[in-house]
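A.B. asks: Before we start, here is the structure in question, set down as structure tokens.
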Amino acid sequence: MVGSDSARASLTRRAALGAIGVGGLALAGRTAQAQGAKPQEIKVGIATYLSGPASVFGVPGRQTAEMLFDEINAAGGIAGLKVRPIFVDEGPGVDHVVGEYRRLVQNEGVHLVFAAISSADCLACAPLADELKRPTLLWDCGTQRIFEDNRYTYAFRTQANATPEILAALLYLLKTKPDFKSIAVINQDYAWGRDSWDIFRTALNTLKPGVKVAAELFPRFGATDFSTEVTRVLALRPDVVLSTSWGGDLDALIRQSSDRKLFERATFVMPLAESSLQRVGKALPAGHIVGARGDHWFLHPQPADPERLKRFTDTYRSRFNAYPIYPCFHMAQAVSAMKVGIEKAVAAKGGGWPTDAELAAAFKGLEFPSPTASVRLREDGQGLENQLIGTTLHSDRYPFPVLTDMVVFPAESVTTPVGQKSADWLKTLTPDIVAKVPQALAFK
């Protein structure tokens, strides 16, 4: 995901702070198992938000992990071994997560780590993975910097990053409403809010130069009152309002914008709003652009395996009385990658248990199923994940907006190529990328 640190601190600086002190730990941990001895069970450390505003993502992620681990164990485990999750809370911050990562490896002897929702936490944990030589799946964080700025042997991201998530939303806007002339942004004032606006603005300036930026508004993270921002945008009357905000902040912005009729004055583009739909209900009007941080939508118009998506959705809904949102799908992808990766590594050993290095090597180039499609891990560790963007629609079948006119962007068409930086690659885009936007699919 995007992180939840309220200060607008540099992710790079926070990652450096998080990595302090790891130097002497590389040889710690599961010595025998690192040599390939078969364990009694597969232990997986999972960092997710269990407290604070980001728990609206973290708790569904935990629930999904528990649900899928139960299913795996009921079916006999992985390579004949039961799987046990050990959860840690990201809520207390980066230093806490780093300490918990060390504890998971050294004291708990976990075989893999899933980390994390916060981009700052992922930036700190990726170098720890190589330092401690523990395979680590970055299961939800969004920052594109991880694999663009560094290379890792033990860290892999099982979903997309911010660039395809933001670029797909912009391409959808350019395709469906090409005549807009002005835009305002209302983003949370920390690294994610600033960085995602930089991605959007860079691509916008490349593909549609001359659009007037009416306002750049960055309310504090965790804000509950958006009256100043709504009043300002109402006065400026931009054609488009972008918000890559999420969680309680986005929920409050949607409700307050609805109360003051701002949705009637501008088209909103909200690349992360899929997870807010069930909470805000019909306070979000029809006709606004919403993304799903991947192709994560329980009403996906063309899933690769409709029965798999239905089973995942129905099981989650029956167990937790809600429809799965994108962190549920992201967790499902990490669990799927873990299962396929371990099975691949065990098969390569002729049934023997792999070392940590052998297990990490199994994730390179790995392809694994998701509830909606499949994901492939590139040679740099970055996952390739399709992106679904749609327009809100009210339907009597659901008490919250659904999506229609959905476009599923193939992963490679919106993802920065290996070895390039997003800031540079976005400047090379040409208008034909808009012409190649796939056909929209209606809600049924």
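The values are calculated or read from the model by the stated rules, or taken from the named source; none is laboratory data. All values derive from a computational prediction rather than experimental measurement. FYI the Cβ positions are ideal-geometry reconstructions off the backbone, even for glycines, and counts take in every protein chain you see. Protein only, heavy atoms only, side chains kept; ligands, DNA and RNA dropped before computing areas. Shrake-Rupley method; radii C 1.70, N 1.55, O 1.52, S 1.80 Å.
A.B. asks: Between the helical axis of 191-207 and the dominant principal axis of the chain, each derived from Cα atoms, what acute angle in degrees is found, rounded to the nearest 10?
C.D. replies: It is inclined by approximately 60 degrees.
A.B. asks: Between Glu41 and Ala215, take the C-beta separation as r, use R0 = 41 Å, and let me know the FRET efficiency to the nearest 0.05. Please list the in-between numbers first.
C.D. replies: Working: r = 54 Å, r/R0 = 1.32.
E between Glu41 and Ala215, to the nearest 0.05, is 0.15.
A.B. asks: Could you state how much accessible area Thr202 has, in square angstrom rounded to the nearest 10, with a 1.4 Å probe and all protein chains kept in place?
C.D. replies: 30
A.B. asks: With a 1.4 Å probe and every protein chain left in place, tell me how much accessible area Lys282 has, in Å² to the nearest 10.
C.D. replies: Its accessible surface works out to 90 Å², give or take rounding.
A.B. asks: Between Lys310 and Ala74, how high is the FRET efficiency from 1/(1 + (r/R0)^6) when r is the Cβ-Cβ distance and R₀ = 22 Å? Nearest 0.05.
C.D. replies: After rounding, the FRET efficiency stands at 0.70.
A.B. asks: Any chance you could look up the accessible area of Ile146 with a 1.4 Å probe, heavy atoms only, rounded to 10 Å²?
C.D. replies: That residue has around 0 Å² of solvent-accessible surface.
A.B. asks: So, one more: Taking only DSSP H segments of four or more residues, each worth -39500 (n - 2.57), what value at 222 nm results for the chain once the sum is divided by all its residues, to the nearest 500 deg cm²/dmol? Walk me through the numbers before you get to the answer.
C.D. replies: On the way: 17 runs with 182 residues, N = 444.
Helix contribution divided over all residues of the chain: -12500 deg cm²/dmol.
A.B. asks: When only the heavy atoms of the protein chains count and the probe is 1.4 Å, how do Glu264, Glu385 rank by accessible area, highest first?
C.D. replies: Numbers: Glu264 140, Glu385 0 Å².
Largest to smallest exposure gives the sequence Glu264, Glu385.
A.B. asks: Turning to a different aspect of this structure: As I understand it, the value is the acute angle between the Cα axis of helix 55-74 and the longest principal axis of the Cα atoms of the chain; what does it come to in degrees, rounded to 10?
C.D. replies: Roughly 40 degrees, rounded to the nearest 10.
A.B. asks: Something else now. How much of the pair distance distribution for the stretch 159-299 lies past 23 Å, counting alpha-carbon pairs only, in percent?
C.D. replies: Details: 2590 of 9870 pairs.
For the stretch 159-299, the fraction of Cα-Cα distances above 23 Å is 26 percent.
A.B. asks: Provide Asp95, Asp70 ordered by accessible surface of protein heavy atoms (probe 1.4 Å), highest first.
C.D. replies: On the way: Asp95 110, Asp70 80 Å².
Order by accessible area, largest first: Asp95, Asp70.
A.B. asks: Is there a quick way to get the dipole size of the chain? I mean about its Cα centre, with the Cβ of Lys and Arg at +1 and of Asp and Glu at -1; what is the value in debye to the nearest 20? Intermediate values should be presented prior to the final figure.
C.D. replies: Numbers: 49 positive and 46 negative charges, 60 e Å.
So the dipole magnitude of the chain works out to roughly 280 debye.
A.B. asks: Residue by residue through the stretch 89-104, which ³J(HN,Hα) values in whole Hz follow from phi under the Karplus form 6.51 cos²θ - 1.76 cosθ + 1.60 (θ = phi - 60°), with glycine and proline marked x?
C.D. replies: Result, ordered by residue: 8, 7, x, x, x, 4, 4, 5, 5, 4, x, 5, 4, 4, 5, 4 Hz.
A.B. asks: Could you point to the residue in Leu236, Gly248, Ala203 farthest towards the positive end of the stretch 194-308's charge dipole, with +1 and -1 charges on the Cβ of Lys/Arg and Asp/Glu respectively?
C.D. replies: Leu236
A.B. asks: Continuing with this model, one more query. Given a Förster distance of 30 Å, report the FRET efficiency between Val418 and Leu50 from their Cβ-Cβ distance, rounded to the nearest 0.05. Let's see the in-between values first.
C.D. replies: Values: r = 34 Å, r/R0 = 1.15.
Using R0 = 30 Å, I get an efficiency of 0.30.
A.B. asks: Could you tell me the distance between the Cα centroids of the stretch 92-132 and the stretch 50-77, to the nearest Å?
C.D. replies: Cα centroid of the stretch 92-132 versus Cα centroid of the stretch 50-77: 18 Å apart.
A.B. asks: Volume per residue, Å³, of the convex hull around the alpha-carbon atoms of the stretch 267-361?
C.D. replies: Details: hull volume 13.5 nm³, N = 95.
Here the figure is 142 Å³ per residue.
A.B. asks: If the elastic network links every pair of Cα atoms under 10 Å, which of Gly247, Gly58, Gly291 fluctuates the most in the Gaussian network model of the chain?
C.D. replies: Largest GNM mean-square fluctuation: Gly247.
A.B. asks: Do any cysteines of the chain lack a neighbour Cys whose Cβ is under 4.7 Å away, and which are they?
C.D. replies: Cysteines lacking a close Cβ partner in the chain: Cys125, Cys328.
A.B. asks: Size of the dipole of the stretch 37-96 about the Cα centre, Lys and Arg at +1 and Asp and Glu at -1 on the beta carbon, nothing else charged, in debye to 20? Write down the numbers at each step before the final one.
C.D. replies: Working: 5 positive and 7 negative charges, 52 e Å.
Here the size comes out at about 260 debye.
A.B. asks: Then there is this: For Val213, Val230, what's the largest-to-smallest order of accessible area, 1.4 Å probe?
C.D. replies: Details: Val213 60, Val230 0 Å².
Result, largest first: Val213, Val230.
A.B. asks: A follow-up question, please. Cα-based Rg (one decimal) and Dmax (whole number) for the chain, in Å?
C.D. replies: Computed over the Cα atoms of the chain, radius of gyration and Dmax are 21.1, 68 Å.
A.B. asks: Another one. Once amide H atoms are placed 1.01 Å from N in the peptide plane, what residues at a sequence separation of 5 or more from Gly287, or on another chain, have their amide H within under 5 Å of its amide H?
C.D. replies: Here Thr392, Leu393 satisfy the definition.
A.B. asks: Once the other residues with Cβ under 13 Å from the Cβ of Arg376 are scored (Lys, Arg +1; Asp, Glu -1), what is the net sum? Mind showing how you got there, number by number?
C.D. replies: On the way: positive: Arg157, Lys364, Arg378; negative: Glu367, Glu379, Asp380, Glu385, Glu412.
Within the 13 Å Cβ shell, the charges total -2.
A.B. asks: Let me ask another. Between 0 and 90 degrees, rounded to the nearest ten: what's the tilt of helix 326-348 against the longest Cα principal axis of the chain?
C.D. replies: With both axes taken from Cα atoms, the answer is about 30 degrees.
A.B. asks: What accessible area per residue, rounded to a whole number of Å², is obtained for the chain using a probe radius of 1.4 Å? Spell out each step's value before the answer.
C.D. replies: Values: 15950 Å² over 444 residues.
So the chain comes to 36 Å² accessible per residue, rounded to a whole number.
A.B. asks: Mind checking which of Arg232, Arg157, Arg134 has the largest fluctuation in a GNM of the chain, springs on alpha carbons under 10 Å?
C.D. replies: The residue with the greatest mean-square fluctuation here is Arg232.
A.B. asks: Among Gln278, Gln302, Gln63, which one shows the biggest mean-square fluctuation in a GNM of the chain, springs joining Cα atoms closer than 10 Å?
C.D. replies: Maximum fluctuation in the GNM of the chain, among the listed residues, is at Gln302.
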